[in-house]
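*Asks:* Pasting a structure below so you can have a look.
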Amino acid sequence: MTFDRVLVANRGEIALRVMRACRELDVKTVAVYSEADADAMHVAFADEAVCIGPAAPSLSYLNQSALLFAARATHAQAIHPGYGFLSENAQFAQRVQDMGMRFIGPAPDAIRTMGDKVAAKRAMLAAGVPCVPGPDTSLSDDTGETLAAARAIGFPVIVKAAGGGGGRGMRVVEREADLLDAVAVTREEARRAFGKPELYIEKFLQQPRHIEIQVLCDAHGTALWLGSRDCSMQRRHQKILEEAPAPGIDARQLKAVGERCVEACRRIDYRGAGTFEFLYENGEFFFIEMNTRLQVEHPVTEETAGIDIVKAQIRIAQGLPLGMTQEDVSCTGHAFECRINAEDPFTFLPSPGRVETWIAPGGQGIRVDSHMHAGARVAPYYDSMIGKIIARGKDRDEALAKMRVALDGLQVGGVKTNLPLHQALLRDAGFIAGGVDIHYLEKWLRQRS
Ligand code: ADP
């Protein structure tokens, strides 16, 4: 099924990113927007735009009926969900499909399976993907069994909600005496936050890195992996600075894990773009979850693999073959991405308001994915990310140098941003050396305060 009109069910930089890809493919675009976004750049960029409700996300960007109605009214044949909002909502994907449209993403069943972290883990183990040690079943109500499972793993362990997301619904347990209380509290949280009380337990890794593998699969049996990303620079489980490839990891070891990911995709008949997230510790990979959508950090992979992931998603949804094999994938050079947020650089308090100045950097190897301009408003209702600066170089040092120059050239006035934090990190010896663990940034921030 080919289509010539796509509704983009998102806002901000990612809505623009998706619409640019559509336009390159000669596909018309429909924007949706909340009342707070009437003047937003994605609305001006689109061929058509529909207001879908008030500012609150639950009444607009998460309002399935309003989105489906807008798609119907504008004769869109497909919906791209972007990231966040409804991008991993199996029910929405199903409703899009039931209305005779295409959801630009995997099949609802694949979204559902991977959204259940226990089912995901089981599918990965079956495909030979290495997982964090622990049972591939959810915890029963039998306290004896729970204690036995934790003892078999060895403390510390982490209790996690099967339906969890966004870094919520998990609890680290250091000692056996605390286990049963932790399970009870986490179960109640999971029931309330995710409507799903199922929990599972696994080994708590103390100093891992966060490494991920990007995959792309068509409906004709071709499944490719596009190299690795390192997203260890995080605060409260939020990534802020990413790079591709993950530095200091043996290419053969990466290839082995990439091949396991692709094998898993074939087994579950996965279609579209996806990401396998791993913790990496003491030279070993441990799968934690799969994201069945486009990710914020996809540009670092695009810049090193030379593949437009969003155009590929659209083509795959049209039923077209990828038209390449794994041998054709060659990742070269190095890329970084800095997420620019409208927030205080050190207290992290959001800083919404009117952007008085926006002067973006440029030059060879620099890419700016942003919906900002002088006069733009950063609304308090949504994500504080106002743009991403991406720098590509022939190697890590060159990409780093380009990023430093780019950040020094970025000028934002009117709202506070985390630019000073990025500038400091890019001059930090630990980061420059490469391969920091997921606790690095929080420790670094504590030492400075
Ligand atoms: P979410 O879907 O909420 O993002 P993940 O399973 O991806 O949940 O875990 C989020 C973060 O929690 C990881 O990036 C890591 O920092 C931490 N984490 C999760 N599982 C473990 C583990 N077994 N050991 C150590 N840290 C973990």
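*Asks:* Label points 7 Å out from Cα along the Cβ direction at TYR381 and ARG192: separation in nm?
*Replies:* A separation of 2.6 nm, rounded to one decimal place.
*Asks:* Under 8 Å for C-alpha pairs, at least 6 residues apart: give me the relative contact order for segment 45-160, rounded to a whole percent.
*Replies:* Details: 85 pairs, mean separation 15.7, N = 116.
In percent, rounded to a whole number, it is 14.
*Asks:* Further question on the same structure: Sketch the reach of a paramagnetic label on ALA219 as a point 7 Å from Cα along Cα-to-Cβ, and name the residues of segment 292-327 whose backbone nitrogen lies under 16 Å away.
*Replies:* Only 312-323 pass the distance filter.
*Asks:* For labels at LYS443 and ASP397 in the simple 7 Å Cα→Cβ model, what's the distance in nm?
*Replies:* Calculated label separation equals 2.6 nm.
*Asks:* So what is the 222 nm mean residue ellipticity for the chain from helices alone, if each DSSP H run of at least 4 adds -39500 (n - 2.57) and you divide by all residues, rounding to the nearest 500 deg cm²/dmol? Please report the intermediate quantities before stating the final value.
*Replies:* On the way: 15 runs with 151 residues, N = 449.
So the calculated ellipticity at 222 nm is -10000 deg cm²/dmol.
*Asks:* Using Cα pairs closer than 8 Å and at least 6 residues apart in sequence, work out the relative contact order for the chain, in percent.
*Replies:* On the way: 974 pairs, mean separation 63.2, N = 449.
Once normalised by length, the contact order is 14 percent.
*Asks:* Is the C-alpha gyration tensor of segment 82-184 telling us rounded, prolate or oblate? Criteria: a/c under 1.5 is rounded; beyond that, a/b larger than b/c is prolate, otherwise oblate. Walk me through the numbers before you get to the answer.
*Replies:* On the way: a/c = 2.92, a/b = 2.26, b/c = 1.29.
Prolate.
*Asks:* Along segment 418-425, what does the Karplus equation 6.51 cos²θ - 1.76 cosθ + 1.60 (θ = phi - 60°) give for ³J(HN,Hα), rounded to whole Hz, x for Gly and Pro?
*Replies:* 8, 3, x, 5, 4, 4, 5, 5
*Asks:* State the extension gain, in nm to one decimal, for the chain segment bounded by ASP308 and PHE346, taking 0.36 nm per residue of separation less the distance between their alpha-carbons.
*Replies:* Extending this stretch completely gives an extra 10.3 nm.
*Asks:* Determine ³J(HN,Hα), in whole Hz, for all residues of segment 345-359 in sequence, where each value follows from phi through the Karplus function 6.51 cos²θ - 1.76 cosθ + 1.60 and θ = phi - 60°; x replaces Gly and Pro.
*Replies:* Those phi angles translate into x, 10, 8, 6, 5, x, 10, x, x, 8, 7, 7, 10, 9, 10 Hz.
*Asks:* Provide the FRET efficiency to the nearest 0.05 for the GLN94-ASP408 pair, computing r from the beta carbons and using R0 = 51 Å.
*Replies:* It comes out at approximately 0.60.
*Asks:* Could you work out how much longer the chain between ARG235 and VAL185 gets when fully extended? Use 0.36 nm per residue separation minus the Cα distance between them, nm to one decimal. Before the final figure, lay out the partial values.
*Replies:* Working: separation 50, 0.36 × 50 = 18.00 nm, distance 2.37 nm.
Difference between extended and current length: 15.6 nm.
*Asks:* Return the single residue from VAL157, VAL436, VAL185 with maximal mean-square fluctuation; model: Gaussian network over the chain, springs between Cα atoms under 10 Å.
*Replies:* VAL185
*Asks:* Further question on the same structure: Taking Rh as the Kirkwood radius computed over C-alpha pairs, what is the Stokes-Einstein D of segment 386-449 at 37 °C in a medium of viscosity 0.692 mPa s, expressed in µm² per second? Please report the intermediate quantities before stating the final value.
*Replies:* Numbers: Rh = 13.1 Å.
My calculation gives 251 µm²/s for D.
*Asks:* Extending each Cα 7 Å along its Cβ direction at LEU147 and GLU35, get the distance between those two points in nm, one decimal.
*Replies:* 5.7 nm
*Asks:* Please work out whether the chain counts as rounded, prolate or oblate from its C-alpha gyration tensor, where a ≥ b ≥ c are the square roots of the eigenvalues and a/c under 1.5 means rounded, while otherwise a/b larger than b/c means prolate and anything else oblate?
*Replies:* Verdict is rounded for the chain.
*Asks:* Another question, then. Could you sort out which of LYS28/LYS255; LYS203/LYS394; LYS121/LYS196 sit more than 29 Å apart by Cα distance in this structure? Walk me through the numbers on the way to the answer.
*Replies:* Details: LYS28/LYS255 38 Å; LYS203/LYS394 38 Å; LYS121/LYS196 17 Å.
Flagged as over cut-off: LYS28/LYS255; LYS203/LYS394.
*Asks:* Assuming 1.306 mPa s and 10 °C, estimate D for segment 3-95 with Stokes-Einstein, Rh taken as the Kirkwood radius over Cα pairs, in µm²/s. Walk me through the numbers before you get to the answer.
*Replies:* On the way: Rh = 12.7 Å.
This corresponds to a translational diffusion coefficient of 125 µm²/s.
A short reminder: the numbers here are calculations on the coordinates, not readings from a lab. Computed from a predicted model, the values in this text were never measured in an experiment. Here Cβ is always computed from backbone atoms with ideal geometry, including for glycine, and neighbour counts include all displayed protein chains.
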